1. For region 79-96, what are the residues that are open to solvent by less than 60 Å² (accessible area, probe 1.4 Å), among the charged types (D, E, K, R) and either over 22 Å from Leu190 (Cα atoms) or in contact with a Pro (Cβ under 6 Å, 6 or more places away or on another chain) (or both)?
2. Does region 3-12 hold any residues that are open to solvent by 60 Å² or more (accessible area, probe 1.4 Å) and either at pLDDT 80 or above or polar (S, T, N, Q) (or both), and which are they?
3. If you scan region 13-33, which residues turn out to be modelled with pLDDT of 70 or more, open to solvent by 70 Å² or more (accessible area, probe 1.4 Å) and more than 20 Å from Asp138 (Cα to Cα)?
4. How many residues does region 75-134 hold that are polar (S, T, N, Q) and modelled with pLDDT of 90 or more?
5. How about region 191-210: which of its residues are open to solvent by 40 Å² or more (accessible area, probe 1.4 Å) and not in a loop (DSSP other than H, G, I, E, B)?
6. Residues to consider are Ala174, Ala159; find the one that is in contact (Cβ under 8 Å) with a residue 40 or more places away in the chain, in a helix (DSSP H, G or I) and more than 26 Å from Pro196 (Cα to Cα).
7. Restrict the check to region 138-146 and report whether at least one residue is farther than 24 Å from Gly195 by Cβ and in contact (Cβ under 8 Å) with a residue 60 or more places away in the chain.
8. With the requirement that a residue be of a type in the set (A, V, I, L, M) and more than 11 Å from Thr172 (Cα to Cα), what does region 193-209 give you?
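The values are calculated or read from the model by the stated rules, or taken from the named source; none is laboratory data. What you see is a predicted model; the values in this text were computed from it and never measured. Here the Cβ positions follow ideal geometry from the backbone for every residue, glycine too, while neighbour counts run over all protein chains shown. For the accessible areas, the whole protein counts, side chains as well, though only heavy atoms, and no ligand, DNA or RNA atoms are used. Shrake-Rupley method; radii C 1.70, N 1.55, O 1.52, S 1.80 Å.
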Amino acid sequence: MGSDQEPARSGTSDLPDARQRRGADRSLNKTVMSIAFALLAWLVIGFFRDPPSSWMERYIVGLLAFCFAVPVILTRGYRKTLPALDRTPRRATVTGRRGYNTDPDPESEIGPYELLTVTLDINGTAVESTIADIVAPDSLDRFTVGSIWTVYAFEDPAALNKDADRTRVILTEAHDDVIRSGYDLGFYSLHDGPGPGSDLLLRRFANDRR
């Protein structure tokens, strides 16, 4: 079934898998929020201690708490429940690549990346879509035009993005050897260090059993 049957590349065992990456992300967020809460607690106590904290101390501590809390708050969307996913494996044929973030901000940690465009059959209709997984350069050469991969589609693509050009599908567990560096769902995106396995399939979807 095309290049989806290629063996895993050597060296992937040295990289963190999807569960390890997700665990590290959760630990980091918990640590950052703990620091922010500790700073806020110090700020409140500062009003009642004797002598009370100075305005300069309050400003510095408040600014630090804000800097720690904002990144976690802004990325809460990444951890929300995603729209229902149809876990029927479907054959998707690679048709090309599409570049994103081609002119990144010089101060941004996110560089240019590519997503793979595919065609697949959904209920007898040929559909054009894009693989949400950001395939790392280590594995990208396997996704030649015409190669076939197994994907999951969302039950209602419009529930994820209203823009028809931004519909997404997700590589199934059959391709856990593929090295990824995050995912791009349009509004919900995550850029991470490279590693095998799907960060996306560890997320919660609206039709998952509780």
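1. Arg90 - this is the single residue of region 79-96 that is open to solvent by less than 60 Å² (accessible area, probe 1.4 Å), among the charged types (D, E, K, R) and either over 22 Å from Leu190 (Cα atoms) or in contact with a Pro (Cβ under 6 Å, 6 or more places away or on another chain) (or both).
2. Passing the criteria: Gln5, Ser10.
3. Selection gives Lys30, Thr31.
4. Of the residues in region 75-134, the ones polar (S, T, N, Q) are 75, 81, 88, 93, 95, 101-102, 108, 117, 119, 123, 125, 129-130.
If we keep only those that are modelled with pLDDT of 90 or more as well, we get 88, 93, 95, 117, 119, 129-130.
Selection size over region 75-134: 7.
5. Of everything in region 191-210, those that are open to solvent by 40 Å² or more (accessible area, probe 1.4 Å) and not in a loop (DSSP other than H, G, I, E, B) turn out to be His191, Asp192, Pro194, Leu202.
6. Values: Ala174 fails: more than 26 Å from Pro196 (Cα to Cα).
Sole residue among the options that is in contact (Cβ under 8 Å) with a residue 40 or more places away in the chain, in a helix (DSSP H, G or I) and more than 26 Å from Pro196 (Cα to Cα): Ala159.
7. If we filter region 138-146 for residues that are farther than 24 Å from Gly195 by Cβ, which is where we start, we get 145-146.
Add one more test, that the residue is in contact (Cβ under 8 Å) with a residue 60 or more places away in the chain, and what stays is 146.
Yes; the residues of region 138-146 include at least one that is farther than 24 Å from Gly195 by Cβ and in contact (Cβ under 8 Å) with a residue 60 or more places away in the chain.
8. Let us first name the residues in region 193-209 that are of a type in the set (A, V, I, L, M), namely 200-202, 206.
If the condition is that a residue be of a type in the set (A, V, I, L, M) and more than 11 Å from Thr172 (Cα to Cα), then Leu202, Ala206 are the ones that fit.
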